[in-house]
Amino acid sequence: MNARIAAFFREFSESRIALVSLGITLFFVACTVLAPFISPINPYDLRSIRLSDARLPPGTQQVEPVPELSIPLAARDGKARAEGVTPAGDPIVLQLVPDSDGRLALEIDARNMVVTEIRLRGLPIDASVQGARKHPIRSEWTLANPASTLHIETGPQIPANLQFSVLIKGESEGTGMTFLLGTDGYGRDMLSAIIYGIRISMIVGAAGALGAMAIGTFLGLIAAWFGGRVDSFIMRLVDFQLSIPSLMVGLLVLTMLGKGVDRIILAIILIQWTYFARTTRSVALAELRKDYVDAARCLRFSALRINLLHILPNCLPPLLVILTISIAGAITLEASLSFLGVGLPLTQPSLGMLIANGYEYMFSNMHWIAIYPGLVLLVMIVAINVVGDRLRDMFNPQLKR
Amino acid sequence: MTRVETIIPANKHAEPILSIRNLSKVFPLQSGFWDGVIGRMTGLEPKAVHAVDNVSLDVRAGETIGIVGESGCGKSTLARILAGISQANGGQFLYRGRDIQDYLKNPRDALKIQMIFQDPQSSLNPRLQVIDIVGEAPVVHGIIPRSQKKDYVLGYLEKVGLGAEFLYRYPHQFSGGQRQRIGIARALAVNPELLICDESVAALDVSVQAQIINLFMKIKAEFGLTMLFISHDLGVIRHLCDRVVVMYLGRVVEVAPTERLFSDPRHPYTQMLLEGMPKISLERRKFLSIEGEIPSPINPPQGCHFHPRCAFRTEHCSQKRPDLVSLEEGRHIACLNWQGTSPPPIKSGGGYAQSENA
Ligand SMILES: Nc1ncnc2c1ncn2[C@@H]1O[C@H](COP(=O)(O)OP(=O)(O)OP(=O)(O)O)[C@@H](O)[C@H]1O
Ligand SMILES: [Mg+2]
């Protein structure tokens, strides 16, 4: 049996492009299985997503939003002292004293903390801070390059009571995370979203196609075995369904049942069972003419046993071809439905959903949100189809030399 | 109407194991909806193939019956009905005195009738190993427990001349003769009483044919089988069978003990068949071919089906269907010139030869 598999693989690899496609397909399968381990973040975990990261271009480094320390000061005759604690846990001491020039000197003693910005909020209207920029409306002064001592001018006279707060910003720190493919409109890392999108697309596609195979094969075997009216009925049903565009069937089912992974799988099964039923019926009819089926009848096996254990295994090769191509078809279908907004819920974005989300940013020069998932989807579908085509060529004896 | 009471086995005292009366199988050629409507409107009889047409036969336990006839005369159809894998449209079919449908209801009973097929390639499931091909049925039907499967299969493989090294091989790893042996082991493994062999050696090389025929003779003696042997090859039939049934376009035209048939064929069709037979039959495979076109089974000639090719036809022949009548002990013939107003063909076929020369 192993020799057979090896020979099969050797024949398969005679086509280079098929071999490459198989590699790509396997890579996507690996992504599906390993998504939680290889993805930089879990895009489904809403806590790990910051709106502040939204729409960053590819290659941007993620930075930690810097916490701002707010220390209130209440001065009497221009004198005050307040203490705070830096994010690292060190003490900060603020001291306000009138200096010789009639100004107030604010000394900030923040050891072990790089202060990048200081704002003073709530100073009297006529006060001003040396070297600082005032907010156009509010009474808020911002020092971009703070020194350890600030000078506040309060006019001719130092007010007896002075209350304001000091806001201290530390150095912003990179998180070590780089958005290789940028972020989407919700601040989700595109790479992670794509990896999880591959996963959900593959799962939906494979589950849909496998479900369709199970049902279609079952009905095809029934049609072939019983023949006559049962056969006509099932095949007319197939013809009827094939006359309706598959996207229409999908839209109908999903608008009636609502969004959800289970429903989209159901829609795919409803659309794709026909291909399996047709193929199974025709292959099974050919098998039924072979003597081993008569031999099995003569050995008085039950119809179920003959169909499942004798006929079905001999129908499998062409069904596997259809399965491969159906998976690609199911992924396309799911992407189309998700793009149209009836597919998956927003919290579990598939590739189609990512493309749909990115579409609205296409013309604001934020191409990466739609293009990368689009490329991945394209490569995935082409690769799976090439593998399916190769399998079909191999199972088609007319093409054999 | 066939006179059924005339079909008497050569040994009157033995109970027939298998007994069929006026068995028929019709394959409709037009089965579509519109065909049915048109048929009902025009009142025409729908077209159909009478693959088996009013065949009656008794087979006694231990007997080997040969069935010969040209291609398309309904031998395989009859074999499939007798094996219980196809159902007749009309007539009666008793096995051990019970109606076959009733008999087949119990699978353990139904296993008593087994079949060996023509094409050893397609008669084995290509996805199963020999151990499963032979051992599946005995296990499924509870003849042996699963744990004994290997030894049991091995026993039957040895009986058909195959060794233990073949147990886990797939059919494609065997020669035609070996495959046919596996098919025989598969049938034997369920302890059959009646073995139906449909052209079971036709697809094999001549030397292999002889081996398989010897194997059939051996297992027949060893297992006390009753056999129905269908073949194109008159030499094989002569070698194996006690009695021979000659069929023509779905009907039985002559039944006779083998030696009597070969030494003294009575039906004009049988005579034509034997003339076409090579002298040393086992050395060259010879398919039957005789002069005149084989008429279409869809639209067979009226009266006696054979009359367009018959050298002795009279005007009756195209009008009246000949019944199968008893000629002598164990011999039956369906020919108007034998039973009717016209003088009977004289002994040993000489009469026919003379008229042919005349
Ligand atoms: N399933 C079927 N449907 C329609 N017609 C059939 C079917 N099976 C057999 N026939 C027809 O019945 C007739 C008898 O066929 P059958 O196979 O019994 O002949 P045969 O004597 O075994 O011939 P051969 O020696 O070639 O095997 C043929 O005319 C055939 O075309
Ligand atoms: Mg045949």
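From other protein chains only, count the Cβ atoms within 10 Å of every residue's Cβ in B:178-188, then give the mean.
Details: counts 0, 0, 0, 0, 0, 3, 0, 0, 4, 3, 0.
Mean shielding by partner chains, rounded to a whole number: 1.
The residues of segment B:71-115 listed by number as losing at least 50 Å² of accessible area in the complex, against the isolated chain and with a 1.4 Å probe, are B:ILE85. Rounded to the nearest 20 debye, the dipole size of the protein assembly as shown about its Cα centre is 1860 debye, using +1 on the Cβ of Lys and Arg and -1 on the Cβ of Asp and Glu.
How high is the FRET efficiency from A:VAL97 to A:TYR361, r the C-beta distance, R0 41 Å, rounded to 0.05?
Working: r = 53 Å, r/R0 = 1.30.
After rounding, the FRET efficiency stands at 0.15.
Give me the distance between the Cα centres of segment A:139-174 and segment B:184-225, rounded to whole Å. When both Cα centres are located, 109 Å separates them. Coordinate range of the alpha-carbon atoms in segment B:124-191 per principal axis, descending: 30, 23, 19 Å. Under a 5 Å amide H cut-off, with hydrogens placed 1.01 Å from N, A:LEU73 pairs with A:PHE164, A:SER165, A:VAL166 among residues at least 5 apart or on other chains. Of the peptides B:118-130, A:50-62, the ranking by mean beta-carbon count within 10 Å, highest at the top, reads B:118-130, A:50-62. One decimal place: the segment B:SER175-B:GLU222 gains 14.4 nm when fully extended, by the rule 0.36 nm per residue minus the C-alpha distance. Summary value for segment B:124-191: 47 percent relative contact order, contacts being C-alpha pairs under 8 angstrom separated by 6+ residues.
Rolling a 1.4 Å probe over the protein chains gives B:CYS241 an accessible area of about 10 Å². The accessible-area loss of segment A:273-296 on complex formation, taken against its chain alone with a 1.4 Å probe, reaches 10 Å² or more at A:LYS290, A:ASP291, A:TYR292, A:ASP294, A:ALA295. Helical content of chain A, expressed as a calculated mean residue ellipticity at 222 nm, amounts to -17000 deg cm²/dmol (DSSP H runs of 4 or more residues, -39,500 (n - 2.57) each, divided by residue number, nearest 500).
Using a 1.4 Å probe on protein heavy atoms only, how many Å² of accessible area do A and B hide from each other, summed over both chains and rounded to 100?
1900
Projecting the Cα atoms of A:LEU285, A:LEU104, A:GLY122 onto the charge dipole of chain A, computed from C-beta unit charges around the Cα centre, puts A:LEU285 farthest toward the positive end.
Relative contact order, whole percent, for segment A:69-171 stands at 36, derived from Cα pairs under 8 Å and 6 or more residues apart. Atom-type composition of the exposed protein surface of the protein assembly as shown places 57 percent of the accessible area on carbon and sulfur (1.4 angstrom probe).
Relative contact order, whole percent, for chain A stands at 19, derived from Cα pairs under 8 Å and 6 or more residues apart.
One way to sum up the overall shape of segment A:69-171 is the equivalent ellipsoid from its Cα gyration tensor, whose semi-axes run 21, 15, 12 Å, largest first. Counting Cβ atoms of other protein chains within 10 Å of each Cβ in B:118-131 and taking the mean gives 4. In this simple spin-label model, placing a label point 7 Å from the Cα along the Cα-to-Cβ direction at both A:GLU11 and A:LEU308 gives a separation of 2.9 nm. Within the assembled protein chains, the solvent-accessible surface assigned to B:MET217 is about 80 Å², based on a 1.4 Å probe. Only one residue of A:LEU34, A:LEU252, A:MET380 has its Cα farthest out toward the positive end of the dipole of chain A, where Lys and Arg carry +1 and Asp and Glu -1 on Cβ, and that residue is A:LEU252.
Rg and Dmax of segment A:47-91, based on Cα coordinates, read 17.9, 54 Å. Using only the C-alpha atoms, the convex hull of the protein assembly as shown corresponds to 242 Å³ per residue. Ligands, DNA and RNA are left out, and with a 1.4 angstrom probe the accessible area of segment B:124-191 is 38 Å² per residue. Placing dummy labels 7 Å off each Cα toward the beta-carbon, the span from B:ALA210 to B:ILE298 is 4.4 nm. Across all directions, the average projected area of the convex hull around the alpha carbons of segment A:242-383 is 10.8 nm². Counting only the Cα atoms, chain A fills a convex hull of 215 Å³ per residue. Approximating the spin labels as points 7 Å out from Cα along Cα→Cβ, the A:VAL114-to-A:LYS79 distance works out to 3.7 nm. Each 5 Å bin from zero holds the following percent of Cα-Cα pairs in segment A:180-291: 2, 12, 16, 16, 15, 12, 9, 6, 4, 3, 2, 1, 0. Per-residue 3J(HN,Hα) values for segment B:168-178, derived from phi via the Karplus relation 6.51 cos²θ - 1.76 cosθ + 1.60 with θ = phi - 60°, read 9, 9, 9, x, 5, 8, 10, 7, x, x, 5 Hz in sequence order (x marks Gly and Pro). With protein chains left intact and a 1.4 Å probe, residues in segment A:19-79 average 61 Å² of accessible area per residue.
If you average 1/r across every pair of different Cα atoms in segment B:72-162 and take the reciprocal, what Kirkwood value do you get, in Å? Working shown, then result.
Details: mean 1/r = 0.0653 Å⁻¹.
Over segment B:72-162, the inverse of the mean reciprocal pair distance is 15.3 Å.
The values are calculated or read from the model by the stated rules, or taken from the named source; none is laboratory data. Since this is a predicted model, take the numbers as computed values, not measurements. Heads up, the Cβs are rebuilt from the backbone with ideal geometry, glycines too, and the neighbour counts pull from every protein chain shown. With ligands, DNA and RNA removed, areas are computed over all heavy atoms of the protein, side chains included. Shrake-Rupley method; radii C 1.70, N 1.55, O 1.52, S 1.80 Å.
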